[in-house]
Amino acid sequence: MSRTYDVAVLGAGVVGHTLALLLARDRFRVALVRRPPPPQGAAPDIRAYALNHASRELLESLRVWPDASAVTAVRQMWVAEPNADDPAALRFDSPDGAGALSWIVDVPALEATLAQALQFQPGVEVIDAPPKAKLTVICEGKRSTTRDRLGFEFDVKPYAHTAVAARLQCERPHGGVARQWFSQGDILALLPMGGDNGHTLALVWSVGHARAQDLMAHPAEGFARAVEQACDHALGAMTLQGQPAAWPLELAHARHWVQPGVALAGDAAHAMHPLAGQGLNVGLGDVACLARVLQEREYWREPGDLKLLRRYERARQADFLRMAGVTDGLYGLFGHTDERLQTLRRWGLRRFNELPLLKHWAIRQAMGQTAAPHPRNP
């Protein structure tokens with residue numbers, strides 16, 4: 001007879017791994033469906049994520065925060081335009097006592113730490129195919145075939161941009177500063193890696209589709225020169241490390257996140273522009289909320305009870321829509337090529353920089369230090 005689990009988690013990325021560990025800690029019987037191995041000869045994973053305080057606290061509670069070699073604290077964030085008079089038209093500093101605005105985390109290192117933790121968690125069984133379960137949580141990413149097969153409607157608003165990601169070595173130390181430049185609709189971010197005095201950068205460059213194809217066709221040296229020019233040589237000479245990657249950008253979300261016995265989480269439920277660096281933070285917020293809803297449920301409700309799952313849906317849809325509205329608005333503002341709007345944007349950046357209360361509010365939002373809506377009973 002096949003075993004029935006309390007929860008089956010489909011998708012063994014950061015979101016799926018974290019959810020499995022959270023639920024096993026609360027004594028649920030969890031099945032984690034492993035993903036197929038990468039194809040032989042696949043390029044090394046170059047992803048890096050900005051994680052806020054809420055995400056760090058969640059991962060630390062599971063003892064899966066990566067070691068110091070894979071984490072770099074962001075002490076400041078600069079927002080500017082190339083060749084501008086002020087190299088940091090807008091600057092965010094870490095509040096006193098906070099230690100950092102966020103942390104840039106190497107994704108392969110985080111995934112390895114999560115995988116190691118699962119080896120010592122007997123409450124999670126890693127299997128190859130979806131099993132019978134009282135609740136199935138789909139964390140397969142924004143191209144989830146299971147979500148589509150089950151009839152979840154997924155609305156997609158394509159952007160006119162492609163994200164180009166890469167790792168670079170720079171001549172001068174980054175100093176723990178995350179830098180962003182906006183120029184003619186392009187949005188370039190250089191995220192610090194390798195510690196406070198490191199010389200490694202994670203690049204995320206939002207550019208038009210044709211420009212992205214051109215960049216991906218550059219040889220390594222030409223790619224590095226293009227980045228140097230786009231950021232006005234802010235960190236000196238650069239060297240490309242490994243192969244860059246690219247993917248089309250979009251704002252997407254499921255109209256409903258739950259069905260009887262099924263819930264969506266992470267990119268299977270939503271996707272947004274990376275310019276605010278909140279994608280994984282929102283996904284980890286999903287699993288933290290879902291685990292809390294299940295742990296606090298009435299004793300007579302099964303994990304797949306629809307009314308129970310709607311508590312999770314209401315709380316997380318509200319948080320996603322708030323953050324998606326911010327990122328979509330910023331994309332509309334900074335990704336626009338109209339010179340009049342660019343002039344207005346420059347003026348707005350400088351005025352924003354002069355309003356400490358508004359800046360403090362924005363910093364707390366980015367750090368994840370706002371009170372999340374608590375799921376209410378139906």
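What follows draws every value from the coordinates through simple rules; no lab data is involved. Everything quoted here is computed from the prediction, not taken from an experiment. Cβ sites come from the backbone with ideal geometry, for glycine too, and all protein chains shown count toward neighbours.
Computed values, structure above
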quantity: Only Lys, Arg (+1) and Asp, Glu (-1) charged, at Cβ; segment 30-77 dipole about Cα centre in debye; calculated: 100
quantity: Chymotrypsin sites (Phe, Trp or Tyr not before Pro) within segment 104-165, DSSP loop, no more than 13 other Cβ atoms inside 10 Å; calculated: 120
quantity: Exposure proxy order (Cβ contacts within 10 Å, fewest to most) of 251, 290; calculated: 251, 290
quantity: Residue order, fewest to most beta carbons within 10 Å, for 103, 300, 205, 78; calculated: 300, 78, 103, 205
quantity: For segment 115-160 and segment 238-258, distance of Cα centres in Å; calculated: 18
quantity: Over segment 1-72, equivalent-ellipsoid semi-axes from the Cα gyration tensor in Å; calculated: 25, 21, 8
quantity: Local net charge near residue 245, Cβ-Cβ under 12 Å (Lys/Arg +1, Asp/Glu -1); calculated: +1
quantity: Label-point separation, residue 143 to residue 112 (7 Å along Cα→Cβ), nm; calculated: 2.6
